[in-house]
Amino acid sequence: MLLKSDENSMIRQNALLQEFPFGIPGQPSEELSEPRTTGPRSLYELWLSKRGDAEMPKKTQFGPAEMIRYVSWTYMLDILDEGKDFRVRLYGTELADMVGKDYTGVLLSETPDEINWKGEIYQLAYRRRSPIFYVFNLAPFGREYIWSENAIFPLADDDGKLAFFLCMTARIEAPDIVY
């Protein structure tokens, strides 16, 4: 017998699989209901505190002093053409080292085919207008030995319109995932 919460969880998981193909090699392996690691969890708590009663916080609510501890592991995306494309505004140095390239200034539409899924997950975040947490193996970047937990946080412009994503990547131990 399924408990109501278990049944709701199964319904949500089925809906997630229809929204994005989690679990396909070279793409995010699973979606998390909340962040598990310290960095993404801490940034999520900050995002929630800034959001207050609004749908999402404004980008201008995040000051340099409070972001300094995250900046090496974060990247910021400008949302272009209502979520049809994205430009990397900022790309942390630790991320650049981890994936082997600095993507600052790059349009997602200009990236190699093997990372095209990123557009799909950002479009999912754009449709949901809420944070997304997922696990990913960096194989498309030639780093199959590196696993990461990732977070995407929507941010509004000064008019309250969804205009940016603040994203964080934290290196994790390889999970027990079977494709």
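The values are calculated or read from the model by the stated rules, or taken from the named source; none is laboratory data. What you see is a predicted model; the values in this text were computed from it and never measured. As a convention, Cβ positions derive from the backbone with ideal geometry for all residues, glycine included, and neighbour counts pool all protein chains shown.
Some notes on this structure:
- When residues of the stretch 42-54 are limited to those that are of a type outside the set (A, V, I, L, M, F, W, C) and closer than 15 Å to T169 by Cα, the one surrounded by the fewest Cβ atoms within 10 Å (Cβ to Cβ): S42
- Single match in K101, K118, K59 (criterion: touching a helix residue (DSSP H, G or I) at 6+ places or on another chain (Cβ under 8 Å) and within 15 Å of I152 (Cα to Cα)): K118
- Only one of the numbered conditions (1) closer than 21 Å to G160 by Cα; (2) more than 14 Å from the chain's Cα centre (by Cα) is not met by A96, and that is (1).
- Among the residues making up the stretch 27-40, those that are assigned to a helix (DSSP H, G or I) and crowded, with 16+ Cβ neighbours inside 10 Å are G39, P40.
- Flag for K118 being of a type outside the set (D, E) and within 13 Å of the chain's Cα centre (by Cα): yes
- Strands (runs of 3 or more DSSP E) contained in the stretch 55-166 and holding at least 1 residues at pLDDT below 90, touching a Pro at 6+ places or on another chain (Cβ under 6 Å) and surrounded by 14 or more Cβ atoms within 10 Å (Cβ to Cβ): 132-138
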